[in-house]
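Enquirer: Dumping the structure here so I can ask a few things about it.
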Amino acid sequence: AVGITLTALRKRYGAGDTAVDALKGVNLHVAPGEVVGLVGPSGSGKSTLLKCLGAVIEPTGGRMAIGGDVIYDDGWKLRDLRALRRDRIGFVFQAPHLIPFLNVTDNVALLPMLAGLSDREARTRAHELLAALDVAHRADALPAQLSGGEQQRVSIARALVNHPPVILADEPTAPLDSVRALSVIRILNAMARRYQTAVIVVTHDEKIIPTFRRIYHIRDGITHEEAGEGRGLE
Ligand code: ADP
Ligand code: ADP
């Protein structure tokens, strides 16, 4: 299945007496076009799960498929994880991490340029997304000149610009007020539908938890799926 599928995913840190089983058999599926919440207390395994999905750390067992391809299966792993991260996964962080000396357009156009598009094509694509995210009027500004909400929208544009099948968002709304937090979720839903992206939002932001249709609760390395209250705010 395309989207994200995790089957009995395990992660153990260390070995012997001091080993920590951070993920104890996680099953999770996010369909293309779907935005799913991942919620859990501190120490429950959220960062470990995101790092496995982002191919930053290697799981200990189980299976991980992203965008239709198996990337990890019980010790076997895809060879080119760097290309996977670049082409298949868009990352949205709590703090935007924009490149300070590039203007908004080039912050977004950089990835498609690196992927081989001409500067012109890359900037055109960047502008389409900036317009969809309502920040096209800031195209020539430097990141430091933007408000927090604008910076976060630019970072979402950057995460989407290569049309990755998967977006991983780590507390994307934590520093935003309620109106802007809900706007970020509305945008993620619209973009997920438009580009058929599977989106996981790790959060404990009470402002946005009611918006998810489905939520995975994680506790002590185990996930439980629940129907959410939300309709993704369409
Ligand atoms: P969360 O993001 O939900 O706070 P983490 O994934 O960071 O949870 O942590 C899950 C468990 O794994 C915790 O018990 C934590 O102490 C442990 N852990 C996380 N990273 C490491 C590490 N690098 N080495 C050993 N234990 C770790
Ligand atoms: P939002 O966060 O929803 O984008 P704000 O109310 O924070 O909106 O900002 C409104 C306008 O004020 C923005 O369009 C932005 O250009 C400007 N602005 C806000 N904060 C800053 C800042 N720190 N530096 C420069 N301009 C800012």
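The values are calculated or read from the model by the stated rules, or taken from the named source; none is laboratory data. Quick caveat: nothing in here was measured; it's all calculated off a predicted structure. Neighbour counts run over all protein chains shown; Cβ positions are idealised from the backbone, glycine included. Heads up: the accessible areas ignore ligands, DNA and RNA and are worked out on the full protein's heavy atoms, side chains in. Shrake-Rupley method; radii C 1.70, N 1.55, O 1.52, S 1.80 Å.
Enquirer: On alpha carbon coordinates alone, what is the Rg over Rh value for region 97-139, Rh being the Kirkwood radius? Show your work: numbers first, answer last.
Expert: Values: Rg = 9.7 Å, Rh = 10.2 Å.
My calculation of the ratio gives 0.95.
Enquirer: What percent of all Cα-Cα pairs in region 164-234 falls into each 5 Å bin, going from 0 up to the bin containing the maximum distance?
Expert: Pair shares across the bins are 4, 16, 26, 29, 18, 7, 1.
Enquirer: Taking just the alpha carbons, could you work out the radius of gyration and Dmax for the chain, both in angstroms?
Expert: 17.6, 57
Enquirer: So if we plug the beta-carbon distance of Ala15 and Arg85 into 1/(1 + (r/R0)^6) with R0 = 22 Å, what FRET efficiency do we get, rounded to 0.05? Can you show the working numbers first?
Expert: Details: r = 27 Å, r/R0 = 1.22.
Rounded to the nearest 0.05, the efficiency is 0.25.
Enquirer: I'd like the carbon and sulfur percentage of the solvent accessible area for the chain, probe radius 1.4 Å, heavy atoms only, ligands and nucleic acids excluded.
Expert: Values: 5580 of 11070 Å².
Summing carbon and sulfur atoms, their accessible area is 50 percent of the total for the chain.
Enquirer: May I pose another question? Return the distance in nm (one decimal) between the two label points of a simple spin-label model at Val179 and Ala227, each offset 7 Å from Cα along Cα→Cβ.
Expert: For the pair Val179/Ala227, the computed spacing is 3.3 nm.
Enquirer: Rounded to the nearest 0.05, what FRET efficiency do Ala115 and Asp220 have when you use their Cβ-Cβ distance and R0 = 35 Å?
Expert: Details: r = 39 Å, r/R0 = 1.12.
For Ala115 and Asp220, the calculated efficiency is 0.35.
Enquirer: While we're looking at this one, here's another question. How many Å² of accessible area per residue for the chain, probe 1.4 Å?
Expert: Working: 11070 Å² over 234 residues.
Computed with neighbouring chains in place, this is 47 Å² per residue.
Enquirer: Further question: What value does region 105-234 have for Rg/Rh, both radii from Cα atoms and Rh as Kirkwood defines it? Write out the running numbers ahead of the final one.
Expert: Numbers: Rg = 15.6 Å, Rh = 15.6 Å.
Result: Rg/Rh = 1.00.
Enquirer: Related question: How do 161-173, 101-113, 58-70, 12-24 rank on mean C-beta neighbours within 10 Å, highest first? List each step's numbers first, then the result.
Expert: Details: 161-173: 22.2, 101-113: 20.2, 58-70: 17.7, 12-24: 12.6.
Going by the mean number of other Cβ atoms within 10 Å, highest first, we get 161-173, 101-113, 58-70, 12-24.
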